[in-house]
Amino acid sequence: MKKIKCDVLVIGGGPAGGVCAVTAKMNYPEKEILVVREFEVQLVPCAIPYIFGETLGCSEKDVASCGMADEMGISTKLGEIEDVNVEKKLAYMDGHEISYDKLVFATGSRPFVHASLQHSLSLDGVFTIPKNKELIDKAKAYIDTINDVVVVGTGFIGIEMAMEFRESGKNVTVIGGSKHILKGSFDPEIAMEAEKILLEKGITFIGRDRVSAIIDKNGDNIVNGVKLKSGRIVNAQAVILATGYKPNTDLAKKIGMPLGKYGGIWVSDYMMTENNDIFAVGDCSSRRTFIGSSPSKVMLASTSAAEGRVAGSTLFSMKYLKGFSGTIAIFSTMVGDRAFSSAGITEDAAHAAHADIVVGTFSGMNRHPSTIPGAQKQLVKLIAVRNGGRIIGGQIIGGDETGEMINIIGLMITSQLTIYNAMSMQVATQPMLTAAPTNYPIVMAATLIAQKIEK
Ligand SMILES: Cc1cc2nc3c(=O)[nH]c(=O)nc-3n(C[C@H](O)[C@H](O)[C@H](O)COP(=O)(O)OP(=O)(O)OC[C@H]3O[C@@H](n4cnc5c(N)ncnc54)[C@H](O)[C@@H]3O)c2cc1C
């Protein structure tokens with residue numbers, strides 16, 4: 001057996017493992033960091049939908065990740081860690097024994113398919129969206145040859161996939177159990193704006209129904225459609241199950257690591273497991289909501305990368321105190337040429353938690369004057385706690401700038417800022433780049449909340 005020695009062994013080369021390794025090298029340059037990952041080509045998961053359509057003209061090659069590992073002196077090995085001896089601090093992979101001082105699990109997540117549909121995965125034409133180039137290549141090759149696609153699942157991955165299939169000329173039906181798409185991240189009035197775009201593009205959306213069976217009516221192992229709980233049948237030559245992801249904890253379970261409620265490896269606020277020398281980051285770790293600290297199912301690269309940074313800097317010493325607790329589920333998505341971004345809690349979720357909140361929504365333009373060519377409508381919704389005005393959520397619809405504006409709101413949430421901080425923001429503005437300084441939407445939404453609180 002070939003022996004390898006390192007100070008830090010990171011299992012997994014996705015966003016969490018990659019960021020953790022880079023941060024560890026920056027904080028502890030004298031330490032030997034080794035990343036082990038399964039695949040030669042590491043896809044950028046967030047760009048996978050664009051392999052299937054025309055929007056970006058991306059190929060699988062274009063969405064392969066090019067990390068900073070090599071140039072920083074981080075070692076990488078391809079393979080699968082099959083076992084770990086925790087007492088002896090040894091990990092095993094394909095004829096190699098790796099000794100480590102600190103171990104980081106960054107084994108990510110895999111598609112989740114409801115038990116009732118799992119047997120249908122063997123049918124030709126039924127696919128999930130794994131972060132695996134070989135399987136994505138197979139799905140694309142198949143889907144390129146057919147016309148009628150059903151996407152099951154109305155989260156942002158399902159919607160992005162549906163848009164790409166439609167852009168490449170296919171008949172697309174999206175099916176979900178909830179009344180509106182993007183549930184959990186956007187309130188109904190915002191989600192309805194995205195639904196309008198689906199409709200304009202010619203995508204059929206069936207809400208409040210569920211797929212009860214995937215049909216192979218000729219018995220030839222090739223999918224022909226789906227049957228819904230309502231009894232309705234929808235024809236399909238391909239079915240994409242975008243029904244969520246579950247933590248990949250096979251190895252963690254094998255070595256008896258405690259798991260959280262939704263199956264992620266249990267970790268402290270500093271991503272440390274019950275063993276001081278073992279950390280877990282990203283989708284494989286257990287997550288909590290930022291309000292109330294209840295278990296969370298959120299799986300996002302934004303949270304994963306932040307967790308990678310926290311672990312990477314605290315592996316050998318507590319370098320700084322963490323500035324956030326729990327996931328704020330921050331992300332952006334494009335529906336047609338409109339960007340939809342969300343961070344923190346929605347109005348609906350806040351009401352469900354009986355939070356005493358006040359909401360401010362401001363609708364303006366993303367350039368000034370609004371007659372500038374290319375100017376688009378921009379809507380910002382802020383959610384704040386009535387007592388003290390702390391900002392706990394935000395949603396934006398707009399143009400490209402939305403992707404960075406939500407990051408401002410995200411920082412406000414994690415920094416526990418209030419609407420009064422937002423109202424005194426000094427905003428850099430430029431006609432071709434931003435909304436007007438006189439009615440910058442984040443400031444205006446905060447001001448509307450302040451007026452309501454004062455009443
Ligand atoms: C289609 C799609 C679009 C998405 N879009 C967005 C988006 O726009 N914004 C956003 O924030 N999030 C998005 N996400 C979610 C995001 O990709 C995940 O949250 C993120 O990839 C999690 O990162 P991770 O490093 O924890 O895990 P993963 O990316 O799952 O990586 C896990 C790594 O571990 C390796 N591994 C697993 N087991 C072993 C083992 N035993 N030995 C060696 N290696 C192992 C895998 O090969 C892989 O390298 C998207 C996800 C998908 C699928």
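The values are calculated or read from the model by the stated rules, or taken from the named source; none is laboratory data. Computed from a prediction, not measured in an experiment: that's the story for all the values here. When we count neighbours, we look across all protein chains shown, and the Cβ atoms used for this are built from the backbone with ideal geometry, even at glycine. Note: areas computed on protein heavy atoms with side chains; ligands, DNA, RNA excluded. Shrake-Rupley method; radii C 1.70, N 1.55, O 1.52, S 1.80 Å.
Its convex hull of Cα atoms gives region 277-365 a direction-averaged projected area, equal to a quarter of the hull surface, of 8.3 nm². The modelled label-to-label distance for the pair SER122/SER178, using points 7 Å beyond Cα in the direction of Cβ, is 3.4 nm. Please list, by residue number, everything in region 263-291 whose backbone N is under 20 Å from a paramagnetic label point 7 Å out along Cα→Cβ of HIS114. Counting only backbone N, you get 263. A crude spin-label estimate for the pair GLU189 and LEU321, with each label 7 Å from Cα along the Cβ direction, gives 3.9 nm. Straightening the chain between ARG232 and LYS261 buys 7.0 nm, computed as 0.36 nm per residue apart minus the Cα-Cα spacing. Length available on full extension from TYR92 to ASN147: 0.36 nm per residue minus the Cα-Cα distance, which gives 15.3 nm. Put HIS119, HIS114 in order of accessible area, highest first, and with a 1.4 Å probe you get HIS119, HIS114.
Ordering 422-430, 409-417 by mean Cβ neighbour count within 10 Å, with the highest value first, yields 409-417, 422-430. With N as its number of residues, region 308-425 has a Cα radius of gyration that, divided by 2.2 N^0.38 Å, comes to 1.21. For the pair region 141-195 and region 1-42, the centres of their Cα atoms are 36 angstrom apart. Assuming R0 = 35 Å, what is the FRET efficiency of HIS351 and ASN439, from their Cβ-Cβ distance, to the nearest 0.05? Given R0 = 35 Å and the Cβ-Cβ separation, E is 0.80.
In region 193-279, what is the volume of the convex hull around the alpha carbon atoms, normalised per residue and reported in Å³?
Normalising the Cα hull of region 193-279 by residue number yields 194 Å³.
Packing, as the average of other Cβ atoms within 10 Å across residues, places the peptides 86-92, 439-445, 163-169 in the order 439-445, 163-169, 86-92, highest first.
Computed over protein heavy atoms with a 1.4 Å probe, the accessible surface of the chain works out to 46 Å² per residue. Using the Cβ-Cβ distance between LEU199 and SER294 with R0 set to 41 Å, the FRET efficiency from 1/(1 + (r/R0)^6) comes to roughly 0.70. Equivalent ellipsoid of the chain: semi-axes from √(5λ) of the C-alpha gyration tensor, largest first, are 35, 32, 20 Å. Peptides 383-390, 268-275, 282-289, ordered by how many other C-beta atoms sit within 10 Å of their residues on average, highest first, read 282-289, 383-390, 268-275. Note on ASP250 and ASP83: their simple-model spin labels are 1.6 nm apart, each label 7 Å out from Cα toward Cβ. Evaluated at q = 0.10 Å⁻¹, a Debye calculation over the C-alpha positions of region 83-208 (equal weights, vacuum) places log10 I(q)/I(0) at -0.48. Roughly how far apart, in whole Å, are the Cα centres of region 206-244 and region 367-438? First find each Cα centre; the distance between them is then 41 Å. In terms of its alpha-carbon gyration tensor, region 205-364 comes out oblate; a/c meets the 1.5 threshold, while b/c is at least as large as a/b. Surface composition of region 198-263: carbon and sulfur atoms hold 46% of the protein heavy-atom accessible area at a 1.4 Å probe.
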